[in-house]
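Student: Here it is, the structure, as structure tokens.
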Amino acid sequence: MLLFDLDGTLVDSSGVWLQIDLDFTAKRGLPHTQEYHDFVAHTTAPTAAQFTKEYYGLSESAEEIMQEWSAQALYEYTHHIQAKPHVHAYLEQCRQQGARMAVVTSSAPELCCATLEKNGLSHYFERLLFAQEFGIEKQNPALFQAVAETLGVSCSTCLVYDDSPLACRGAKSAGMQVIGVYDPLFSSSEAEMRALCGRYIFDFSELLAV
């Protein structure tokens, strides 16, 4: 079973989220700290929104914060975000080989569906599985165990593709195989990813059959 992350793995969206965060804090005259960035970059929207509210002492509710983020993000995911290079070719190769494929993402369902549809990727996946619907963060091995159970497979038969070191560690701890995918958001973690993952790629062309 092939399990693909969305943001930073299948689609080039990491810069969008950084810009949304920068716009959000700048609008309020708040500092965009490394501590803040490191936390929200690795988590689901509900957790990130609650953290944002508490971190900055905001009067808005977590739900209102998410609504502001979502409005900006939905436009980008629907109109601008592109698939990463050679993703289509690799997914088509996997499909022709008879592989089962699913998406496992921290992204909100409406954003995931919008960009998969926009980029013509939806038909490759039998399931879209959302961390926020499980109520478990991707760094937690329990999420990947729950995903495997939902799909009716064992963790040992799953191969995960992800750009986040924390998510890769969570999947590996669950007993899954992991391929790390380069994304600029986590460029400083390359050494960690190479040590952690069975393989680390910069581009899906590296996995195409010759």
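The values are calculated or read from the model by the stated rules, or taken from the named source; none is laboratory data. Quick caveat: nothing in here was measured; it's all calculated off a predicted structure. Here the Cβ positions follow ideal geometry from the backbone for every residue, glycine too, while neighbour counts run over all protein chains shown. Remember, those area values only see protein heavy atoms, side chains included, never the ligands or the DNA or RNA. Shrake-Rupley method; radii C 1.70, N 1.55, O 1.52, S 1.80 Å.
Student: Here is a list: Gln132, Gln139, Gln145. Which entry is open to solvent by 40 Å² or more (accessible area, probe 1.4 Å), touching a residue at least 24 places away in the same chain (Cβ under 8 Å) and not in a helix (DSSP H, G or I)?
Tutor: Going through Gln132, Gln139, Gln145 in turn, the sole match is Gln139.
Student: Quick test for you: out of Gln72, Gln97, Gln19, pick the one residue that is more than 24 Å from Ile179 (Cβ to Cβ), polar (S, T, N, Q) and free of Cβ contacts under 8 Å to residues at least 24 places away in the same chain.
Tutor: Result: Gln19 is the single residue among Gln72, Gln97, Gln19 that is more than 24 Å from Ile179 (Cβ to Cβ), polar (S, T, N, Q) and free of Cβ contacts under 8 Å to residues at least 24 places away in the same chain.
Student: Given the conditions (1) surrounded by 14 or more Cβ atoms within 10 Å (Cβ to Cβ); (2) in a loop (DSSP other than H, G, I, E, B), and given that Ala99 satisfies all but one, which numbered condition is not satisfied?
Tutor: Every condition holds for Ala99 apart from (1).
Student: Still on this structure, please answer the following. Within the stretch 154-169, can one find any residue that is closer than 12 Å to Val104 by Cα and of a type in the set (Lys, Arg)?
Tutor: Checked against the condition, which is being closer than 12 Å to Val104 by Cα and of a type in the set (Lys, Arg), the stretch 154-169 yields no hits at all.
Student: Would you check which residues across the stretch 36-65 are over 17 Å from the mean Cα position of the chain (by Cα) and part of a helix (DSSP H, G or I) and list them?
Tutor: Tyr36, Gln50, Phe51, Thr52, Lys53, Glu54, Tyr55, Tyr56, Ala62, Glu63, Glu64, Ile65, listed by residue number.
Student: From the list Val40, Val11, pick out the single residue that is out of contact with any strand residue (DSSP E or B) (no Cβ under 8 Å at 6 or more places or on another chain), of a type in the set (A, V, I, L, M) and closer than 18 Å to Ala167 by Cβ.
Tutor: Answer to the selection: Val40.
Student: Considering only residues of the stretch 102-111 that are open to solvent by 20 Å² or more (accessible area, probe 1.4 Å) and assigned to a helix (DSSP H, G or I), which is farthest from Leu74 (Cα to Cα)? Talk me through it step by step, then tell me what you get.
Tutor: In the first step, residues of the stretch 102-111 are kept if they are open to solvent by 20 Å² or more (accessible area, probe 1.4 Å); the result is 106, 109-110.
Filter once more, so that each one left must be assigned to a helix (DSSP H, G or I): 109-110.
Working: Pro109: 11, Glu110: 8 Å.
Within the stretch 102-111, the match that is farthest from Leu74 (Cα to Cα) is Pro109.
Student: From the set of residues in the stretch 42-82 that are aliphatic (A, V, I, L, M) and surrounded by 19 or more Cβ atoms within 10 Å (Cβ to Cβ), which is nearest to Ala26 (Cα to Cα)? Walk me through it before giving the result.
Tutor: So the first thing to find is which residues in the stretch 42-82 are aliphatic (A, V, I, L, M), and the list is 45, 48-49, 58, 62, 65-66, 71, 73-74, 81.
Subsequent filtering for residues that are surrounded by 19 or more Cβ atoms within 10 Å (Cβ to Cβ) retains 45, 48-49, 65-66, 73, 81.
Values: Ala45: 19, Ala48: 17, Ala49: 16, Ile65: 14, Met66: 16, Ala73: 17, Ile81: 23 Å.
Result: Ile65.
Student: Just checking, how many residues over the stretch 153-191 are touching a residue at least 24 places away in the same chain (Cβ under 8 Å), open to solvent by 50 Å² or more (accessible area, probe 1.4 Å) and within 24 Å of Val16 (Cα to Cα)?
Tutor: Residues that pass the stated criteria total 3.
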